[in-house]
1. For the chain, what is the accessible area per residue in Å², given a 1.4 Å probe and the full set of protein chains?
2. Tell me which aspartates and glutamates have Cα within less than 13 Å of K33's Cα, excluding those fewer than 8 residues away on the same chain?
3. Are there any chymotrypsin sites (Phe, Trp or Tyr not before Pro) in the range 1-71 that are in a DSSP loop and have at most 15 other Cβ atoms within 10 Å? List them by number.
4. Helix 95-107 against the longest principal axis of the chain: what's the angle in degrees, Cα atoms only, rounded to the nearest 10?
5. Given the whole protein assembly as supplied and a 1.4 Å probe, what does the accessible area of C52 come to in Å², nearest 10?
6. Expressed as cubic angstrom per residue, what is the convex hull volume of the alpha carbon set of the range 45-108?
7. Tally Lys and Arg at +1 and Asp and Glu at -1 over the other residues with C-beta under 12 Å from the C-beta of F49: what net charge comes out?
8. Compute the Rg to Rh ratio over the range 187-310 from the alpha carbon atoms, using the Kirkwood formula for Rh, and round to two decimal places.
Amino acid sequence: NAFVQSSLPEPIYLELPPGGYRNNPALKDKILKVSKSLYGDRRAPKLWFNHCRSILTSKKYGFKTNDHLDPCLFLRPDCAIVLYVDDAIIVGKDKTIVDTIITQLEQDNLDLTREGDIAAYLGVKVESTPTGNWHLRQPGLINRIIEALGLSESRIKDTPVVEPLGKCASEATFSGHFNYRSVIGMLMYLGNNTRPDCSFAIHQCARFSSDPKVPHEKALKRIGRYLAGTKDMGLIMRKSDHFGVDCYVDASFAGDWGYLLKDDPSCAKSRTGYVITVGDMPVVWASKMQTEIALSTMEAEYIALSTAMRALLPMRRIQQSFCNAFSIPLTERSQVSIVWEDNRAAKILASNDPPRMTPRSKHIAIKYHWFRSHLEPNVIEVRYIATSQQKADILTKPLQKQKFQIARELLMGW
């Protein structure tokens, strides 16, 4: 009942539905005046958000928000609120502050449901471990995916993907015995929240949602079989004194070449993968195809570096806003964002001061050079890391069982 708590900027007048006045003929010539927002009105979500924001940013509560970074994050020196439609997390320096805010919101006629300590949020289970870490997982969603794929009695797989996936134009069309797009939607929600180990495999299948073939069906079922064996696992958030924002970025140069039809231009494209961490914990990650065809490994890595920086910069600003609001002192290391790159040529091209072009790099578009103005010592630095320690490697290519498990441990903690 969230949306109906916000007022309409002007009333809506409705005719009574047929039979609405059957038991009271006096209502036959009457209409209804609606003063509150209704579900189904396209303005309802915005009106509800404006209603919440006007309350939280009033002098009584004193929260501040930044529409350019994250309009759903409300901060003040002793408390933070994250709002997602009608679900909220309230974090305070002590429990009394949180209880006081909830009581005040109830006094301001907000119809709230108190759920105590955070145990689940938006379908994600949040569990503390004996070592003081947090385990985020979505077993309920995984069970729905397995059921939708009809894999309740299927054999388990050790990895979610074995090889790159193309259009498969000459293959038979998917029979449609399950809703391909619905499964993709559930998998994407899973992969974007608690299962980055499946992001590469999910993105491969999602590319062909408009015209899936039998190989795409088999690829989806393999992901389901992998999840069936790991449905009680998720993302482990470890305790850390480090509160810095870092980035791991990788690319797979023309990774589909040799697996797909060579007359298909898309098989020459490279793939970008990056992971942004806060305090060594992954918070944002992505696996996506590059829009242009890179001409070398260095160029593919450089394009990936530029793409990752677009996500890193706003995350740094959110970190700074959070630390300023809560007066959290940052160590010298935490003030610096390290971008970990496993290609030395891309690192050199990005870090050269003054910037220099080589005969093999002059053609790279300006839109990929923009980030170099943000690189400076003790602020954002690009450093080399060995591929064996690259957390983003799992997002760019299929890995064999042993390498996959090592990469998963590095990224997810298990």
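The values are calculated or read from the model by the stated rules, or taken from the named source; none is laboratory data. These numbers were taken from a predicted model, which means no experiment stands behind them. Here the Cβ positions follow ideal geometry from the backbone for every residue, glycine too, while neighbour counts run over all protein chains shown. The area values use the complete protein model at the heavy-atom level, side chains included, leaving out ligands, DNA and RNA. Shrake-Rupley method; radii C 1.70, N 1.55, O 1.52, S 1.80 Å.
1. Solvent-accessible surface per residue comes out at 54 Å².
2. Within the straight-line limit of under 13 Å, K33 reaches these aspartates and glutamates: E10, E15.
3. For chymotrypsin sites (Phe, Trp or Tyr not before Pro) across the range 1-71 that sit outside H, G, I, E and B with at most 15 neighbouring Cβ atoms in 10 Å, the list reads Y21, Y39.
4. 50 degrees
5. 10 Å²
6. 85 Å³
7. My count for the surroundings of F49 gives +1.
8. 1.01
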